[in-house]
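Supplied in structure tokens, the structure appears directly below.
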Amino acid sequence: MKKKKIQNIIIAVIAVIIIGAIGAYNFSVEQTKQKGLQFGIELEKIQEEVKELQIKFYSEKIKWEEGDISKEELLKFYEKHLRDFDEIISKYDKLSPPEIFKSSVELLKLSSESQLESDSQFIEWIKTGDESAKIRSDAQIQESLEYEMLGLVEFYSAKTGVKNYDEPEKFEAPKTGLTQKVIQVSENMKKNCDDEYKNELGEFDSDDIEIEWFNCINEAKKWKVDHLP
């Protein structure tokens with residue numbers, strides 16, 4: 001009888017442990033999901049700030065070319081631009097991403113850092129007319145786009161997993177086949193942008209054409225984001 005009572009106590013303890021573990025798991029899953037949602041909103045805000053900063057960067061250059069502002073005013077604005085951009089980049093370090101999103105944050109941060117370096121070299125070209133600075137700026141833009149592409153793929157692959165955490169038995173791995181097709185289509189769209197707006201030397205015949213190319217590239221990137229699984 002005493003032995004049976006002990007067995008019942010052990011069974012009860014195990015049941016409590018199991019129930020507690022299930023509760024802790026569900027709480028952990030819910031926390032991860034909510035943390036992921038909040039993190040996604042914060043990251044999207046940073047990316048939007050970067051985009052707006054770049055649009056302003058090129059629009060001020062057009063104002064200068066059209067004679068609406070002086071070169072001194074343009075360079076003064078660009079000094080502030082670099083400070084603002086550096087401040088935005090620092091926001092990546094303040095994020096608290098779930099583990100599966102950390103690599104995407106690092107890649108997107110690298111993308112922004114490459115864009116900042118591109119802008120810095122572009123400003124040097126404006127100041128001095130040094131063509132090598134313009135070449136370095138163009139190279140950094142390409143590097144920035146590549147990092148951004150990888151970062152977005154990492155982010156949306158991780159996001160696909162987070163969406164299914166509330167139903168672990170139905171978890172599906174990211175659809176890598178479809179992802180690769182979307183990336184390929186997006187890359188082809190970017191190539192078409194280059195073919196349409198760049199000359200045989202890979203340069204732009206005018207600043208307006210460069211802006212058109214920039215918008216074309218953004219459309220290709222947006223298409224990829226909208227169609228990633």
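Among what's in region 87-135 and is in contact (Cβ under 8 Å) with a residue 40 or more places away in the chain, farther than 27 Å from Asp207 by Cβ and of a type in the set (S, T, N, Q), pick the residue that is most open to solvent (accessible area, probe 1.4 Å).
The qualifying residue most open to solvent (accessible area, probe 1.4 Å) is Ser96.
Which residues, counting only those in region 89-123, are within 22 Å of Ser137 (Cβ to Cβ) and of a type in the set (Asp, Glu)?
Within region 89-123, Glu113, Glu117, Asp119 meet the criteria.
Sticking with this one: Let me confirm something: among Ser104, Ser118, Ser112, Ser90, which residue is assigned by the TED database to the domain that holds Phe39 and touching a Gly at 6+ places or on another chain (Cβ under 6 Å)? Working first, answer last.
Values: Ser118 fails: touching a Gly at 6+ places or on another chain (Cβ under 6 Å); Ser112 fails: touching a Gly at 6+ places or on another chain (Cβ under 6 Å); Ser90 fails: touching a Gly at 6+ places or on another chain (Cβ under 6 Å).
One residue alone meets the criteria, Ser104.
With the condition kept exactly as written, say whether any residue in region 16-30 is among the acidic types (Asp, Glu), modelled with pLDDT of 90 or more and out of contact with any Pro (no Cβ under 7 Å at 6 or more places or on another chain). Please lay out each step first, then the result.
The first filter runs over region 16-30 and keeps only residues among the acidic types (Asp, Glu), leaving 30.
Then drop every residue that is not modelled with pLDDT of 90 or more, which leaves none.
No, that holds for no residue.
If I filter region 60-77 down to residues being of a type in the set (Asp, Glu) and either farther than 18 Å from Gln121 by Cα or open to solvent by 30 Å² or more (accessible area, probe 1.4 Å) (or both), which single residue comes out as modelled with the lowest pLDDT? Walk me through how you get there before you give the answer.
The first filter runs over region 60-77 and keeps only residues of a type in the set (Asp, Glu), leaving 60, 65-66, 68, 72-73.
So of that shortlist, the ones also either farther than 18 Å from Gln121 by Cα or open to solvent by 30 Å² or more (accessible area, probe 1.4 Å) (or both) come out as 65-66, 68, 72-73.
On the way: Glu65: 87, Glu66: 90, Asp68: 92, Glu72: 93, Glu73: 94.
Among them, the one singled out is Glu65.
Among the residues of region 122-130, is there at least one that is under 20 Å from Tyr147 (Cα atoms), in a helix (DSSP H, G or I) and not hydrophobic (A, V, I, L, M, F, W, C)? Steps first, answer last, please.
In the first step, residues of region 122-130 are kept if they are under 20 Å from Tyr147 (Cα atoms); the result is 122.
Still in the running and in a helix (DSSP H, G or I): 122.
Next, from what is left, pick out any that are not hydrophobic (A, V, I, L, M, F, W, C): none.
Scanning region 122-130 turns up no residue that is under 20 Å from Tyr147 (Cα atoms), in a helix (DSSP H, G or I) and not hydrophobic (A, V, I, L, M, F, W, C).
Then there's this: List the pairs whose first member sits in region 188-203 and is at negative phi, whose second member is open to solvent by 50 Å² or more (accessible area, probe 1.4 Å), and whose Cβ atoms are under 8 Å apart, counting only residues at least 6 apart or on separate chains?
Here the result reads Met189/Glu219; Met189/Trp223; Tyr197/Ile209; Tyr197/Glu212; Asn199/Asp205, each pair linking region 188-203 to a residue that is open to solvent by 50 Å² or more (accessible area, probe 1.4 Å).
Which residue, of Lys56, Lys4, Lys80, Lys109, is in a helix (DSSP H, G or I), within 21 Å of Lys159 (Cβ to Cβ) and either modelled with pLDDT under 50 or of a type in the set (D, E, K, R) (or both)? Walk me through how you get there before you give the answer.
Working: Lys56 fails: within 21 Å of Lys159 (Cβ to Cβ); Lys4 fails: within 21 Å of Lys159 (Cβ to Cβ); Lys80 fails: within 21 Å of Lys159 (Cβ to Cβ).
Sole residue among the options that is in a helix (DSSP H, G or I), within 21 Å of Lys159 (Cβ to Cβ) and either modelled with pLDDT under 50 or of a type in the set (D, E, K, R) (or both): Lys109.
When region 183-212 is examined, which residues are found to be open to solvent by less than 40 Å² (accessible area, probe 1.4 Å), modelled with pLDDT of 80 or more and within 19 Å of Tyr147 (Cβ to Cβ)?
Across region 183-212, the qualifying residues are Lys190, Cys193.
The values are calculated or read from the model by the stated rules, or taken from the named source; none is laboratory data. None of these values were measured; they are calculated from a predicted model. Cβ coordinates were reconstructed from backbone atoms using ideal geometry, including for glycine residues, and neighbour counts include every protein chain displayed. What goes into the accessible areas is simple: the full protein's heavy atoms, side chains included, and nothing from ligands, DNA or RNA. Shrake-Rupley method; radii C 1.70, N 1.55, O 1.52, S 1.80 Å.
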